[in-house]
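Shown next, in structure tokens, is the structure this report addresses.
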2 protein chains.
Amino acid sequence: MTTIALDAMGTDAHPDPDVRGAVMAASEYDLDIVLVGDEKQIRPLLDSLSADSLPIRVLHASEMLTMNDKSDELVRKARHKDAKNSMAIGIDLVKNGEADAFVSAGNTGATMVTSLFRLGRLKGINRPALAPVFPTANGSCVVLDVGANPDCKPRNLVEFAIMGSVYAEKVRGVSNPKVGIISNGEEAGKGSELVRETYPLLEGSGLNFYGNIEGKDLIDGKVDVAVTDGFTGNVMLKSSEAVAKLIAKKLKELIMNGNLLVKIGGLLVKPALGAMKSLLDPNDVGAAPLLGVNGLVFVGHGSSDAIAVKNAIRVAKEAVEADVLTSIREALEKKS
Amino acid sequence: MTTIALDAMGTDAHPDPDVRGAVMAASEYDLDIVLVGDEKQIRPLLDSLSADSLPIRVLHASEMLTMNDKSDELVRKARHKDAKNSMAIGIDLVKNGEADAFVSAGNTGATMVTSLFRLGRLKGINRPALAPVFPTANGSCVVLDVGANPDCKPRNLVEFAIMGSVYAEKVRGVSNPKVGIISNGEEAGKGSELVRETYPLLEGSGLNFYGNIEGKDLIDGKVDVAVTDGFTGNVMLKSSEAVAKLIAKKLKELIMNGNLLVKIGGLLVKPALGAMKSLLDPNDVGAAPLLGVNGLVFVGHGSSDAIAVKNAIRVAKEAVEADVLTSIREALEKKS
């Protein structure tokens with residue numbers, strides 16, 4: 001049976017969405033869940049949700065990491081042998097084999113640092129990467145890195161490509177995934193120094209390398225995996241999300257400020273707008289894997305609601321059951 | 001009287017949208033236009049549009065630069081003393097004082113290279129930058145660079161900030177414009193090496209420096225000017241445009257595939273969708289200035305229609321009349 005450790009103190013509105021999401025996941029899917037966090041807050045919630053019969057266990061953590069934990073202080077808390085925070089305790093469950101994956105909607109940087117110190121890196125990986133799935137015109141694309149590494153070297157991007165390919169194939173079900181490198185022009189030879197140096201390495205990597213892709217090619221769905229440095233990936237992810245939100249907001253305003261017929265039209269198209277929203281909603285994908293650490297860790301949005309937490313748990317379960325970590329290890333060994 | 005030189009061979013469907021756009025601009029605004037391109041194609045079009053009485057002159061150019069012109073061959077054509085292509089001839093009009101600005105919807109790279117070789121750089125500018133205006137939640141933001149320079153140094157970004165500030169103030173009418181640097185986190189200290197090195201320089205620049213901004217802050221309209229390297233800017237611009245297009249397409253599909261009521265609703269909200277489109281449409285802004293060359297040059301989308309060409313001409317006219325180049329020169333002198 002798959003066991004998922006969930007940071008009950010993850011979301012901005014913790015522990016409510018986290019605990020509710022865990023209850024939904026435990027009801028719908030075949031898995032065990034360990035809720036890690038402040039027992040005094042978690043227990044009453046679980047009781048109110050009549051979750052007694054579900055395979056959910058609570059593991060008390062007296063502390064939690066927040067957005068205020070950073071720099072040296074964060075590193076100290078992340079690596080402390082007897083750390084009492086919910087991330088460290090949850091990640092230790094993965095390290096000790098008591099859980100198959102850890103999921104948190106908390107501080108992304110804190111999750112990455114804690115994972116790195118407590119789990120270590122996979123052999124052959126220099127830099128772990130955060131690998132969310134972008135919605136595209138015809139499906140989805142795994143993009144990495146989106147923030148773990150603002151400055152990258154060519155070898156990092158090759159490692160990202162290997163890990164992303166395995167993830168797309170094993171977890172997303174894409175056979176022989178096409179890998180692109182994000183650039184400011186499609187032609188070979190275009191790009192920053194980093195892109196131009198990485199290009200020949202990817203050509204010779206044995207992966208299904210598509211070549212350079214522009215932002216629009218990514219959204220149009222030309223590749224299944226897109227690699228980039230964490231700075232570019234992060235800016236791209238956040239601006240894309242913001243554009244989508246801005247459009248939704250402006251459209252709503254235009255409809256509300258329209259004449260009566262436009263307003264009636266707005267009511268009638270509501271189902272389409274709803275379907276639209278869920279297509280673009282990062283909550284729908286649930287969580288992004290942190291690939292390259294020696295254990296399965298998933299990071300969700302701080303703004304996640306219970307459904308997003310449930311989806312995050314589902315994504316983690318799928319990765320566990322696809323045994324993606326073993327496949328990544330094998331791919332890295334083959335390369336070296 | 002302001003004189004604008006327009007590349008009549010610029011748009012993908014040249015010379016039709018270019019010539020029509022010129023006719024619209026010459027009818028609506030108080031300016032002279034020089035159409036540079038193949039006279040045999042331009043004349044009949046002008047005649048068919050009964051443009052005889054308008055202040056439009058045709059300057060024949062027997063050649064044109066296309067997307068196929070690149071690398072060494074492009075440089076040769078860009079710098080050739082007796083170049084016969086419409087870009088070189090149009091830009092020479094600016095150089096010789098016969099036109100106040102040049103506008104082209106052709107190959108962006110070719111326009112940049114030709115401008116650089118024929119006009120040279122402004123004193124104090126190491127790298128010119130392409131500076132489009134992004135629509136934001138509460139107005140717009142000048143973003144530079146979006147493609148002229150894939151790899152930048154801190155001093156380049158400071159130059160971009162100075163030029164962008166002047167442009168926002170003089171042409172966009174923003175007093176004391178707020179300048180942000182695009183990063184993967186809002187806090188000072190976050191960012192790539194380039195961002196971290198540029199930050200203190202911007203703090204000490206005398207500009208109204210806001211600090212780091214994320215992609216979402218840009219879209220939310222937190223600053224009036226955003227600086228970044230041309231690689232990140234280009235990826236951000238193209239992915240944002242692609243996301244907006246994807247949303248419009250998916251929404252249309254959802255409405256078309258909806259039940260009868262949804263379809264009727266779709267017809268009723270059409271005015272709102274139209275207003276939406278023009279809010280996000282890059283055609284509406286018309287063209288982006290190439291700042292830092294010794295003359296005013298504007299670059300439009302290849303997909304521009306006649307209205308976009310007209311808007312591009314209007315934007316160029318506004319920059320001429322605001323005497324933005326003199327203000328940029330003064331700002332650079334003050335800094336040095």
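Please treat every number below as a calculation from the coordinates, not as lab data. Please read these numbers as outputs of a predicted model, since none were measured by experiment. Cβ coordinates were reconstructed from backbone atoms using ideal geometry, including for glycine residues, and neighbour counts include every protein chain displayed.
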Neighbouring Cβ atoms within 10 Å as the yardstick, rank A:His60, B:His14 fewest first.
-> A:His60, B:His14
How many Cβ atoms of partner chains, on average, are near each residue of A:225-237 if near means within 10 Å of its Cβ?
-> 6
Inter-copy label distances at A:Asp12, 7 Å along the Cα→beta-carbon direction, one decimal in nm, shortest first?
-> 3.9
Sketch the reach of a paramagnetic label on B:Lys249 as a point 7 Å from Cα along Cα-to-Cβ, and name the residues of the range A:129-148 whose backbone nitrogen lies under 11 Å away.
-> A:136-139
Each residue of the range A:91-105 in order: what ³J(HN,Hα) in whole Hz does its phi give by Karplus 6.51 cos²θ - 1.76 cosθ + 1.60, θ = phi - 60°, with x for Gly and Pro?
-> 5, 5, 4, 5, 4, 8, x, 7, 9, 8, 7, 10, 10, 9, 9
In order over the range A:55-67: 3J(HN,Hα) from phi, Karplus 6.51/-1.76/1.60, θ = phi - 60°, whole Hz, x for each Gly or Pro, gives x, 10, 10, 10, 10, 5, 10, 7, 10, 8, 8, 10, 5
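Within the range A:209-312, which GluC sites (Glu not before Pro) sit in a loop by DSSP and count at most 14 neighbouring Cβ atoms inside 10 Å?
On the way: sites: A:Glu214, A:Glu241, A:Glu253; in loops: A:Glu214.
Within the range A:209-312, no GluC sites (Glu not before Pro) qualify (loop, at most 14 other Cβ atoms within 10 Å).
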Residue of B:Thr111, B:Thr326, B:Thr11 that the Gaussian network model of chain B assigns the largest fluctuation, springs spanning Cα pairs under 10 Å | B:Thr326
Is there a simple number for the mean count of other chain Cβ atoms within 10 Å of the Cβ of residues in B:183-189, and what is it?
-> 4
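Using the beta-carbon distance between A:Arg76 and B:Lys123 and R0 = 51 Å, what value does 1/(1 + (r/R0)^6) give for FRET efficiency, to the nearest 0.05? Provide the component values of the computation, followed by the final result.
Values: r = 51 Å, r/R0 = 0.99.
Efficiency at R0 = 51 Å is approximately 0.50.
Could you compute the longest span of chain B free of trypsin sites (Lys or Arg not before Pro) located in DSSP loops and having at most 15 other Cβ atoms within 10 Å, not counting the site residues? Intermediate values should be presented prior to the final figure.
Working: sites that count: B:Lys81, B:Lys84, B:Lys123.
Looking at chain B, B:124-336 is the longest stretch - no exposed trypsin sites (Lys or Arg not before Pro) with at most 15 other Cβ atoms within 10 Å.
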Between B:Asp30 and A:Lys84, what is the spin-label point distance in nm, taking each point 7 Å from the Cα along the Cα→C-beta axis?
-> 7.5
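As a check on your grasp of the helix formula, calculate [θ] at 222 nm for chain A: sum -39500 (n - 2.57) over DSSP H runs of n ≥ 4, divide by the residue count, round to the nearest 500. Display every interim value, and only then the final one.
Working: 14 runs with 167 residues, N = 336.
My calculation for chain A gives -15500 deg cm²/dmol from helical runs alone.
Given contacts defined as C-alpha pairs under 8 Å and at least six residues apart, what's the relative contact order of the range A:85-159, whole-number percent?
Numbers: 61 pairs, mean separation 17.4, N = 75.
Reported relative contact order: 23 percent.
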Under the Karplus relation with 6.51, -1.76 and 1.60 and θ = phi - 60°, whole-Hz ³J(HN,Hα) for the range B:189-194, x at Gly and Pro, equal x, 7, x, 6, 3, 4
Local electrostatic count at B:Thr114 - Lys and Arg +1, Asp and Glu -1, tallied over other residues with Cβ under 15 Å | +2
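So what's the convex hull volume per residue for the Cα atoms of the range A:222-336, in Å³?
Spread over its residues, the Cα hull of the range A:222-336 gives 151 Å³ apiece.
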Other protein chain Cβ atoms within 10 Å, averaged over every residue that makes up B:211-220 | 5
Using only the C-alpha atoms of the protein assembly as shown, find the volume of their convex hull and express it per residue in Å³.
-> 167
Be a star and scan the range B:127-158 for residues whose amide nitrogen sits under 17 Å from the point 7 Å along the Cα-to-Cβ vector of A:Asn257.
-> B:135-140
Eigenvalues of the alpha-carbon gyration tensor of chain B, times 5 and square-rooted, give semi-axes in Å, largest first, of 31, 29, 18
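If you rank A:Ser53, A:Ser303, B:Ser140, A:Ser192 by fewest surrounding Cβ atoms within 10 Å, what's the result? If you can, show how the numbers build up before the last one.
Values: A:Ser53 8, A:Ser303 13, B:Ser140 16, A:Ser192 23.
Arranged by neighbour count, lowest to highest, A:Ser53, A:Ser303, B:Ser140, A:Ser192 become A:Ser53, A:Ser303, B:Ser140, A:Ser192.
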C-alpha center-to-center spacing [the range A:70-133, the range A:220-273] in angstrom = 33
In nm, the gap between the two label points placed 7 Å beyond Cα toward Cβ at B:Ala137 and B:Asp16 is 4.1
Jot down the per residue volume, in cubic angstrom and as a whole number, of the convex hull over the alpha-carbon atoms of the range A:20-130.
-> 120
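Can you give the extra length, in nm with one decimal, that the chain gains between A:Ser62 and A:Glu98 once fully stretched, where that is 0.36 nm per residue apart less the Cα-Cα distance?
On the way: separation 36, 0.36 × 36 = 12.96 nm, distance 1.96 nm.
Contour length minus the Cα-Cα distance gives 11.0 nm.
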Summed side-chain charge close to A:Glu330 - residues other than A:Glu330 whose Cβ falls under 13 Å, Lys, Arg +1, Asp, Glu -1 | +2
Per-bin percent of Cα-Cα distances, the range B:134-231 [10 Å] = 18, 56, 26, 1
